[in-house]
Amino acid sequence: MDPVLIVLRGNAATGKTSVASSLQKRLGTTNVILVQQDITEEHTDTQTQVIQKLVNYGKKHFHYVILDGVLPKKTYGKMLQELIDDFGSQQLVYYFNDSFEQTLEYNEQKIQPHDIDKLKSWWIESDVLSDSDVKLENGGIEQYSDQIIDDINDLPLF
């Protein structure tokens, strides 16, 4: 089986990391490399290089590469498209498309919630990479994880 790239993008506090962790457990921790991008506007050139290297390493050594982060299109779009293209038909791209109000509810459930003013300053409305991104909205960790597992099972076997 060729390695599969799973990209989980969206605004802060929308559940991406929780879904990524759920997928890692369900797919087997030894089969998955989880690459995460934290929110920061500093050192984006270095972050881009590190993400590319980790994803390429994952492609050679794991069955699944999960890339999780806000990953704004303006900053990371070109790099993301190159990674997606490199995986060919073995890639799935998701955008967590919850409203700001829903994000505030998720944020309140976090152990260390983000400051609301910070969330507002980070917010990007519908920052999809392309029309083929699968938009996830108004669901939960289990529902999203089930959908992604089903989508993995629907990928071509070559």
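Structural remarks
- Any hit, the range 99-117, residues being among the charged types (D, E, K, R), farther than 21 Å from residue 38 by Cβ and loosely packed, with under 14 Cβ neighbours inside 10 Å: yes
- Every condition in (1) under 12 Å from the mean Cα position of the chain (by Cα); (2) at pLDDT 95 or above; (3) surrounded by fewer than 18 Cβ atoms within 10 Å (Cβ to Cβ) holds for residue 35 except the one numbered (3).
- Selection over the range 57-94 of residues that are closer than 20 Å to residue 156 by Cα and buried (at least 16 other Cβ atoms within 10 Å of the Cβ) gives a count of 15.
- Residue within the range 40-48 that is more than 13 Å from the chain's Cα centre (by Cα), under 24 Å from residue 141 (Cα atoms) and not β-branched (Val, Ile, Thr) present: no
- Counting the residues of the range 118-138 that are open to solvent by less than 100 Å² (accessible area, probe 1.4 Å) and in contact (Cβ under 8 Å) with a residue 12 or more places away in the chain gives 14.
- Remark: pairs (first residue in the range 139-151, within 10 Å of residue 15 (Cβ to Cβ) and open to solvent by 30 Å² or more (accessible area, probe 1.4 Å); second residue outside any loop (DSSP other than H, G, I, E, B) and at pLDDT 95 or above; Cβ separation under 6 Å; 6+ apart in sequence or on different chains) = 141/19; 141/22.
The values are calculated or read from the model by the stated rules, or taken from the named source; none is laboratory data. All values derive from a computational prediction rather than experimental measurement. Positions of Cβ are generated from backbone atoms using ideal geometry, with glycine treated the same way; all protein chains shown enter the neighbour counts. In case anyone asks, the SASA skips ligands and DNA or RNA and just uses the protein heavy atoms, side chains included. Shrake-Rupley method; radii C 1.70, N 1.55, O 1.52, S 1.80 Å.
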